[in-house]
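Report on the following structure.
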2 protein chains.
Amino acid sequence: MAVEQYRHYIRQLLSERAQRASNQQNAQEYEVQTVFDTERDHYQLLHVGWRGNKREFGCILHLDIKDGKIWIQHDGTEVGIANQLVEFGVPKQDIVLAFHEPEVRQFTGFGTGESKETSLAS
Amino acid sequence: MAVEQYRHYIRQLLSERAQRASNQQNAQEYEVQTVFDTERDHYQLLHVGWRGNKREFGCILHLDIKDGKIWIQHDGTEVGIANQLVEFGVPKQDIVLAFHEPEVRQFTGFGTGESKETSLAS
């Protein structure tokens, strides 16, 4: 599967979540941001702002594309974006659960992120 | 001062920091990332990876440009990027310390982020 397709999937999933979150909010200075750095292949979803006198600032999702693979650096969702990507047809080997220690990734059923492992993306 | 100039300053300050941080590191899976979303005007510096069996993931700096002003959403630096921007000649009125409550910003000497306040950027 082509890397360009991976970029599309990631942007789609993050945008949908941001849209859903925005529909649920009406606080004046609160927003769910999508941050897409297509040049460096970093993709984020984060919430930022104020709800009354409570500060909100945190990353919900952070994904990178490196060497043709999708690296999930942070996932604060319940469904697990890795599962959604697999549903889209992304091979597990092309998904790295980077929040797991490098040594244990071989037992996750997903990619390890080691450079000797080849990507299935063309 | 033009917004395009603000974008340039932010990218310059974040890139310099990322460069300095990278020079100090040689762990295999650790990096300081710059995330520049120029379409939505979100700019981040974050550290991500592993040092031995310790996970590193966190935002160092997050800035937005909204309505011609620079919103500092998060600043984990000692020097304070607001001060660096002022040194570049950015008027304090065009900098919003968004991590302070909206109500107290009028006492910070910087912009409040209220829409009735006009930006000096052309």
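The values are calculated or read from the model by the stated rules, or taken from the named source; none is laboratory data. Source: prediction; values computed, not measured. So basically every Cβ, Gly included, is an ideal-geometry build from the backbone, and we count neighbours across all protein chains shown. These area figures cover heavy atoms from the full protein model, side chains too; ligands, DNA and RNA do not enter into them. Shrake-Rupley method; radii C 1.70, N 1.55, O 1.52, S 1.80 Å.
Of all residues in segment A:46-96, those satisfying the criterion of being charged (D, E, K, R) and either touching a Pro at 6+ places or on another chain (Cβ under 7 Å) or farther than 20 Å from A:Y6 by Cα (or both) are A:R51, A:K54, A:R55, A:E56, A:E78.
Going residue by residue through segment A:6-16, is there one that turns out to be acidic (D, E), open to solvent by 20 Å² or more (accessible area, probe 1.4 Å) and not in a helix (DSSP H, G or I)?
Kept after step one, since they are acidic (D, E), are these residues of segment A:6-16: A:16.
So of that shortlist, the ones also open to solvent by 20 Å² or more (accessible area, probe 1.4 Å) come out as A:16.
If we keep only those that are not in a helix (DSSP H, G or I) as well, we get none.
No, there is no match, as no residue in segment A:6-16 is acidic (D, E), open to solvent by 20 Å² or more (accessible area, probe 1.4 Å) and not in a helix (DSSP H, G or I).
The numbered conditions (1) hydrophobic (A, V, I, L, M, F, W, C); (2) under 21 Å from A:K54 (Cβ atoms); (3) without any contact (Cβ under 8 Å) to a residue 40 or more places away in the chain are all true for B:W71 except (3). Tallying residues that are among the aliphatic types (A, V, I, L, M) and at pLDDT below 95 within segment B:87-103 yields 1. Considering (1) in contact (Cβ under 8 Å) with a residue 40 or more places away in the chain; (2) surrounded by fewer than 18 Cβ atoms within 10 Å (Cβ to Cβ), the lone condition that B:G111 does not fulfil carries the number (2).
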